[in-house]
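The next block holds one structure in the form of structure tokens; read it before the comments.
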Amino acid sequence: MKLFVKAALLLFAVPALAGALHAADASSLKPPPGARVAIVVFEDLECPDCARAYPVVWEAARAHKIPVVLHDFPLPKHPWSFDAAVWARYFDTKSEKLGNDFRAFIYKNQPQITFGNLQQYVQKFADANKVPVPFAPDPEGKLKAKVQADYALGQRIGLEHTPTIFVVGSGGASTPFVEVVDRDQLSQIIEDMQKKSAAAAPAKTASTKKKKKVS
């Protein structure tokens, strides 16, 4: 009996270990045009750890003067995260800053927000920023489609949790990337990626003067 139990535990342990060793592949993600390095975040507005990570990410981005690329990955177990992501996309249509400020506002108030009162917090943020709140923020379903596209992207690259944070650099067919496991190391990872991306950048060729033909 003991032997059977040990064998059964081993069978369950092997898949678990394989899952633990799995890492998302962000080689298809790239910095925005004009940037050599960027922070890419897959987030869920109802995720407590995403709320803790959000200010850390933006502080590091400002310190190193690099962009942040946000992707929605609302987990099915969180009842209001998808609707909040659609509202964030709505405020993005007003300005990128407003959309990011809305996300920060939601994270700050996250413990008090429920599926039933999310709309009250949307209204509170909109009133504070003098932005009208439409009855239907996404009548054609375009914003919903963007959230779904982000989620599908996360699934394709093998995401398993939120937040998933990458530092990505400019490269060739495959983008160099590092998944940030320890956020205390974020600044160091950015600096290392900046050095790698700078070294990989094509060198500028010095212009040569045309020699005059001797007659």
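The single residue among Ala35, Ala51 that is buried (at least 20 other Cβ atoms within 10 Å of the Cβ), touching a residue at least 12 places away in the same chain (Cβ under 8 Å) and either under 17 Å from Asn100 (Cβ atoms) or of a type outside the set (Lys, Arg) (or both) turns out to be Ala51.
Here Gly158 clears all of (1) in a helix (DSSP H, G or I); (2) within 21 Å of the chain's Cα centre (by Cα); (3) surrounded by 12 or more Cβ atoms within 10 Å (Cβ to Cβ) except the condition numbered (1). Considering only segment 75-98, state which residues are more than 30 Å from Gln188 (Cβ to Cβ) and in a loop (DSSP other than H, G, I, E, B). Scanning segment 75-98 gives Pro76, Lys77, His78, Pro79, Trp80, Ser95. The single condition among (1) in contact with a helix residue (DSSP H, G or I) (Cβ under 7 Å, 6 or more places away or on another chain); (2) assigned to a helix (DSSP H, G or I); (3) farther than 30 Å from Ala35 by Cα; (4) among the aliphatic types (A, V, I, L, M) that Ala126 does not meet is (1).
To keep it simple, each residue is scored yes or no on (1) crowded, with 16+ Cβ neighbours inside 10 Å; (2) of a type in the set (S, T, N, Q); (3) in a loop (DSSP other than H, G, I, E, B); (4) in contact with an Asp or Glu (Cβ under 6 Å, 6 or more places away or on another chain).
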residue	(1), (2), (3), (4)
Val122	yes, no, no, no
Val133	no, no, yes, no
Glu140	no, no, yes, no
Leu143	yes, no, no, no
Val147	yes, no, no, yes
Leu153	yes, no, no, no
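Among the residues of segment 99-120, those that are in contact with a Phe, Trp or Tyr (Cβ under 8 Å, 6 or more places away or on another chain) and either outside any helix (DSSP H, G or I) or of a type outside the set (S, T, N, Q) (or both) comprise Gly99, Asp101, Phe102, Arg103, Ala104, Phe105, Ile106, Tyr107, Ile113, Thr114, Phe115, Leu118. Among the candidates Pro67, Pro79, the residue that is free of Cβ contacts under 8 Å to residues at least 40 places away in the same chain and within 19 Å of Leu153 (Cβ to Cβ) is uniquely Pro67. Is it true that some residue in segment 183-202 is surrounded by fewer than 15 Cβ atoms within 10 Å (Cβ to Cβ), in a loop (DSSP other than H, G, I, E, B) and either touching an Asp or Glu at 6+ places or on another chain (Cβ under 6 Å) or modelled with pLDDT under 95 (or both)? Checking segment 183-202: at least one residue is surrounded by fewer than 15 Cβ atoms within 10 Å (Cβ to Cβ), in a loop (DSSP other than H, G, I, E, B) and either touching an Asp or Glu at 6+ places or on another chain (Cβ under 6 Å) or modelled with pLDDT under 95 (or both).
The values are calculated or read from the model by the stated rules, or taken from the named source; none is laboratory data. Note that the structure is a prediction, hence the values are computed from the model and not measured. With ideal geometry, Cβ positions are generated from the backbone for all residues, glycine too; neighbour counts draw on all protein chains shown.
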